[in-house]
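Structure, as structure tokens:
Read-outs throughout are calculated quantities, based only on the coordinates presented, and are distinct from any laboratory measurement. In this text, all values refer to a predicted model and were calculated from it rather than measured experimentally. A quick note on method: Cβ atoms are made from the backbone with ideal geometry, for glycine too, and the neighbour counts reach across all protein chains shown.
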Amino acid sequence: MTSAPLRFGLVGTGYWARTAHAPALASAEGIELAAVWGRDPRAAAGLAADYRATAHEDLDAFLAAVDGVAFAVPPYVQAPIAATAARAGKHLLLEKPIAISESEADGLVEAVTEGEVASVVFFTLRFRAEMRAWLADVTARGGWIGGAGSWLGSSLLESSPFNTPWRREKGALWDIAPHVISVLWPVLGPVTSVTADAGPADVSHLVLHHQGGASSAVTVSQSAGQAAAGFEAYVWGASGRSAAPTGTTDPLPPMRTALAELTGNISSGRTEHECDVRFGRDVGHVIAEAQRQIDQRRRAGELG
């Protein structure tokens, strides 16, 4: 006897919701894409119709119709709705960063804990099969004392579908630095401190210190242009140097993996995951501290 599929609702109707979340939810085993809510009711109705789901304008009615919620909205929209959903007992597939405000991130963790719900934050790289194989190898080998990572993107180009208001406001530091940090973290250890500075446009440079003594450097930008765009990372130690795979850009396989692990935890009653809301909060705290330092340097430069 098979169990009924878990009913998931999708919060968001933009490009990422349409190209990643909705098709992944609709094709994931054990999941029914049952409901859609968006800030634009007409867009929500259109997306819901594409997948024979129900569009909701009332958030309470939306939450009452589902077992879990997947988010594809800016972090300042995600955080309060996700906290409400968690307190209502709904499991969460979150986007990074989980929030901009540290207090909202902490509050979301509290809501997930109080609601005893499962959560997964979609750090895309961490759910790619080739990246997982590399992480398993370098973690098993150990002995790494340093690393570096960069992600140069082009989403701030006018032609990019990712050129959205929150990305223009917060830049690569908030949008893609979390991805790079999420890869270095399990190999070199949790980040204990960060030193940050900014370059031109939205370029951000981070020096990370990790628990256990390792250190790493991260550079990110979303205004590098298509010719320079790309991701790379490596770790090094006495045994040599190991580079992370660059991987593919198709979001559907890693998204389906994230959903499969979330539904597996829901079925087994587990609420913890290596990329759960607590990990999302911890990465977010690093980003927030980096932002504080960059802002301080800019103010000092203006005063000087």
In Hz, Karplus ³J(HN,Hα) per residue of segment 33-49 (6.51, -1.76, 1.60; θ = phi - 60°; x = Gly, Pro) = 6, 9, 8, 9, 10, x, 5, 9, x, 5, 5, 5, 5, x, 5, 4, 5
Cβ-derived FRET efficiency at R0 41 Å, residue 238 paired with residue 110, nearest 0.05 = 0.45
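Just to verify a number: FRET efficiency for residue 88 and residue 169, C-beta to C-beta distance, R0 = 30 Å, to 0.05?
E(calc), rounded to 0.05, equals 0.50.
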query = Short version: ³J(HN,Hα) in whole Hz for each residue of segment 71-85, in order, from phi by Karplus 6.51 cos²θ - 1.76 cosθ + 1.60 (θ = phi - 60°), x for Gly and Pro, what are they?
reply = 10, 9, 9, x, x, 6, 8, 4, 4, x, 5, 5, 5, 4, 5
ask   = Sorted by mean Cβ packing within 10 Å, highest first, what order do the peptides 22-34, 177-189 take?
value = 177-189, 22-34
query = To the nearest µm²/s, what D does Stokes-Einstein give for segment 156-222 at 10 °C and 1.306 mPa s, using the Kirkwood radius over alpha carbon pairs as Rh?
reply = 125
key: Point-charge dipole on Cβ atoms (K/R +1, D/E -1) for segment 153-304, about Cα centre, debye to 20   = 160
Listed residues 27, 5, 221: farthest to the positive end of the dipole of the chain (Cβ charges) = 221
query = Applying 1/(1 + (r/R0)^6) with R0 = 22 Å to the Cβ-Cβ distance of residue 4 and residue 65, what FRET efficiency is obtained, to the nearest 0.05?
reply = 0.95
note = Relative contact order in percent for the chain (Cα pairs under 8 Å, 6+ apart) equals 19
remark   = In order over segment 274-287: 3J(HN,Hα) from phi, Karplus 6.51/-1.76/1.60, θ = phi - 60°, whole Hz, x for each Gly or Pro, gives 5, 10, 7, 4, 5, 5, x, 4, 5, 5, x, 5, 4, 5
note = Quick calc, segment 165-251, dipole around Cα centre from Cβ unit charges on Lys, Arg (+) and Asp, Glu (-), nearest 20 debye, gives 80
message = Among 140, 83, 48, which one shows the highest mean-square fluctuation when the chain is modelled as a Gaussian network with alpha-carbon springs under 10 Å?
response = 140
ask   = What angle, in degrees between 0 and 90 and rounded to the nearest 10, separates the Cα long axis of helix 129-141 from the longest principal axis of the Cα atoms of the chain?
value = 50
key: 5 angstrom amide H check on residue 237, placed H, neighbours 5+ away   = 145
ask   = Out of 49, 70, 238, any idea which swings most in a Gaussian network model of the chain, alpha carbons joined below 10 Å?
value = 238
key: the chain, helix-only ellipticity at 222 nm - DSSP H runs n ≥ 4, -39,500 (n - 2.57), divided by all residues, nearest 500   = -13500 deg cm²/dmol
message = Only four residue types carry charge here, +1 at the Cβ of Lys and Arg and -1 at the Cβ of Asp and Glu. Report the dipole size of the chain about the Cα centre in Debye, rounded to the nearest 20.
response = 460
